[in-house]
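The structure appears below as structure tokens.
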Amino acid sequence: MSDTTSPTPVAELGRRAAAAARVLATTSTAAKDAALLGAADLLVARTPEILAANARDVVRATEGGATATVVDRLRLTEAKVEGMASGLRQVAALADPVGEVVGGWVRPNGLRISQVRVPLGVVAIIYENRPNVTSDAFGLCLKSGNAAFLRGSSGAIDSNLAIAAVLRDAVAKAGLPADSLVLVDDTSRESAVEFMQLRGTIDVLIPRGGPSLIQAILDNATVPYVIDGDGNCHVYVDESADLDMARDIVVNAKTQRPSVCNAAESLVVHRAVADRFLPDVASVLAGVELVGDDRARALVPSIGEATEDDWGTEFLDLKMSVRVVDSLEEAIHHVQRYSSGHSEAIVTSDIASADRFCAEVDAAAVVVNASTRFVDGEEFGFGAEIGISTQKLHARGPMGLRQLTTAKYVVRGDGQTRG
């Protein structure tokens with residue numbers, strides 16, 4: 001980050017992050033944990049300046065006509081800052097994956113081969129209006145021995161700068177490089193594209209944002225990336241479901257926090273229980289706009305007509321599509337057709353139905369008799385996550401510490417040569 005009013009060149013920031021990554025790769029667990037705990041305490045101590053910076057971002061967003069969902073993601077409170085600090089403390093308490101021996105064996109010629117976890121290096125994250133990502137990403141990167149190279153949005157720039165300043169101060173006080181966290185202070189589109197193309201500097205790029213950001217990555221990135229994709233999540237209520245349980249799960253999955261990627265966007269109900277379940281669940285989905293197919297609308301007249309686009313849309317709001325199906329097979333077909341590959345849930349008392357749903361639904365996470373909202377790094381015990389991968393290579397699902405490492409082979413011999 002620059003000490004002047006002019007943004008620091010992205011390439012220079014990348015070089016600084018790479019230099020820090022070389023130090024962090026061999027930093028002890030104790031030193032990393034001390035830095036994380038110090039950062040948590042400093043976040044709390046300097047909450048007023050973080051909230052003051054965030055207030056400026058919120059005012060700009062509100063005056064610019066941002067939606068309530070965008071403002072909700074952007075707004076920080078004392079409780080949210082304490083939550084960020086708590087996340088850092090949780091990460092400090094987790095086992096350090098670096099140096100873990102994944103496997104080992106001895107070859108007939110006496111060579112001893114082991115596979116050991118090592119940091120990725122420079123982990124770049126480009127993200128939208130969620131300033132808590134600045135802290136979450138830093139914590140996971142530091143514990144896993146990586147430098148965090150961050151590029152947030154213009155809408156959250158004051159918040160991100162304030163949070164990053166606190167974290168950098170804490171790391172420096174702990175005796176580690178301040179550049180363990182580097183934040184790009186140029187929020188222009190040109191800098192974003194340059195950021196995505198820093199080959200030789202960035203080891204992996206993780207985008208945290210909506211469809212336009214993901215498309216920008218697909219169009220422009222020349223560095224390796226892991227897609228943190230859309231969450232068009234379904235809840236399927238099977239014919240054998242406990243309907244009281246199903247009602248509670250659907251309400252939680254849709255309304256507990258509708259603006260996040262693991263919130264449910266679509267409800268699929270077996271026809272055998274639809275006449276009992278749909279009127280009941282519709283009555284408790286207060287404030288949720290429901291749109292559905294003809295059979296759903298016949299059972300609940302307040303349900304609007306769903307368009308084809310509605311089935312595949314991640315609403316991130318109090319809106320939900322509803323479909324009635326004739327069978328488990330039809331439910332699976334519907335989910336497979338419209339799923340974004342994030343998280344899909346079934347509510348059922350039939351073990352065979354649950355097993356079939358788990359086997360045939362292709363998603364990063366499949367949930368049986370629980371809310372999709374549990375598909376989350378912290379809920380999985382990973383600590384604050386860096387994202388939820390919807391692709392299949394390297395990492396899939398919530399990305400915690402282990403997903404921010406790779407492996408290298410260590411081969412030990414006593415003079416063997418190959419003939």
task = Kindly check whether there is at least one residue in the stretch 89-105 that is surrounded by fewer than 13 Cβ atoms within 10 Å (Cβ to Cβ) and more than 22 Å from residue 145 (Cβ to Cβ).
result = yes
inquiry  = When you check residue 26 against the structure, is it polar (S, T, N, Q) and under 22 Å from residue 158 (Cβ atoms), yes or no?
reply    = no
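Return yes when residue 402 is of a type outside the set (Phe, Trp, Tyr), modelled with pLDDT of 90 or more, out of contact with any helix residue (DSSP H, G or I) (no Cβ under 9 Å at 6 or more places or on another chain) and closer than 30 Å to residue 132 by Cα and no when it is not. Steps first, please.
Details: of a type outside the set (Phe, Trp, Tyr): yes; modelled with pLDDT of 90 or more: yes; out of contact with any helix residue (DSSP H, G or I) (no Cβ under 9 Å at 6 or more places or on another chain): yes; closer than 30 Å to residue 132 by Cα: yes.
Yes, satisfied.
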request  = Considering only residues that are in contact with a helix residue (DSSP H, G or I) (Cβ under 9 Å, 6 or more places away or on another chain) and free of Cβ contacts under 8 Å to residues at least 60 places away in the same chain, look in the stretch 53-63 and name the one that is least open to solvent (accessible area, probe 1.4 Å).
outcome  = 58
message = residue 25 - would you say it is out of contact with any Asp or Glu (no Cβ under 8 Å at 6 or more places or on another chain), of a type in the set (A, V, I, L, M) and within 14 Å of residue 163 (Cβ to Cβ)?
response = no
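When the residues of the stretch 244-260 are filtered to those that are in contact with an Asp or Glu (Cβ under 7 Å, 6 or more places away or on another chain) and not small (Gly, Ala, Ser), which remaining residue is farthest from residue 133 (Cα to Cα)? Don't jump to the end; show me each part of the working.
Narrowing the stretch 244-260 to residues in contact with an Asp or Glu (Cβ under 7 Å, 6 or more places away or on another chain): 247, 258-259.
Those left that are additionally not small (Gly, Ala, Ser): 247, 258.
Values: 247: 32, 258: 18 Å.
Among those that are in contact with an Asp or Glu (Cβ under 7 Å, 6 or more places away or on another chain) and not small (Gly, Ala, Ser), it is 247.
Could you please find all residues in the stretch 367-389 being of a type in the set (Val, Ile, Thr), open to solvent by less than 40 Å² (accessible area, probe 1.4 Å) and over 10 Å from the mean Cα position of the chain (by Cα)?
Just the residues of the stretch 367-389 that are of a type in the set (Val, Ile, Thr), to begin with: 367-368, 372, 375, 386, 388.
In the following step, the residues that additionally are open to solvent by less than 40 Å² (accessible area, probe 1.4 Å) were identified as 367, 372, 375, 386, 388.
Residues satisfying the conditions are 367, 372.
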note = Quick count over the stretch 142-199, residues being open to solvent by 10 Å² or more (accessible area, probe 1.4 Å), in contact with a helix residue (DSSP H, G or I) (Cβ under 6 Å, 6 or more places away or on another chain) and more than 16 Å from residue 41 (Cα to Cα), is 11
remark   = Here the residues within the stretch 317-344 that are within 27 Å of residue 387 (Cβ to Cβ) and assigned to a loop (DSSP other than H, G, I, E, B) are 317, 318, 339, 340, 341, 342
Hits in the stretch 120-141 - residues which are in a helix (DSSP H, G or I), more than 20 Å from residue 96 (Cα to Cα) and either open to solvent by 10 Å² or more (accessible area, probe 1.4 Å) or free of Cβ contacts under 8 Å to residues at least 12 places away in the same chain (or both) = 132
query = How many of the residues making up the stretch 20-40 are open to solvent by less than 50 Å² (accessible area, probe 1.4 Å) and over 14 Å from residue 202 (Cβ atoms)?
reply = 11
request  = Could you tell me whether the stretch 218-240 includes any residue that is at pLDDT below 95 and under 26 Å from residue 55 (Cβ atoms)?
outcome  = no
message = Looking at the stretch 395-419 only, could you name the residues that are in a loop (DSSP other than H, G, I, E, B), touching a strand residue (DSSP E or B) at 6+ places or on another chain (Cβ under 9 Å) and surrounded by 14 or more Cβ atoms within 10 Å (Cβ to Cβ)?
response = 395, 396, 399
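On the basis of being buried (at least 18 other Cβ atoms within 10 Å of the Cβ) and at pLDDT below 95, does residue 210 make the cut?
Details: buried (at least 18 other Cβ atoms within 10 Å of the Cβ): no; at pLDDT below 95: yes.
No.
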query = With 273, 250 as the choices, which residue is surrounded by 22 or more Cβ atoms within 10 Å (Cβ to Cβ), more than 18 Å from the chain's Cα centre (by Cα), at pLDDT 95 or above and under 20 Å from residue 327 (Cα atoms)?
reply = 250
Residue under evaluation residue 98, criteria (1) part of a helix (DSSP H, G or I); (2) among the aliphatic types (A, V, I, L, M); (3) in contact with a strand residue (DSSP E or B) (Cβ under 8 Å, 6 or more places away or on another chain), criterion not met = (1)
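The values are calculated or read from the model by the stated rules, or taken from the named source; none is laboratory data. Worth saying up front: this structure is predicted, and the values here are computed from it rather than measured. Neighbour counts are summed over all protein chains in view; Cβ atoms, including those assigned to glycine, are modelled from backbone coordinates with ideal geometry. Heavy atoms of the whole protein, side chains included, go into the accessibility calculation; ligands, DNA and RNA do not. Shrake-Rupley method; radii C 1.70, N 1.55, O 1.52, S 1.80 Å.
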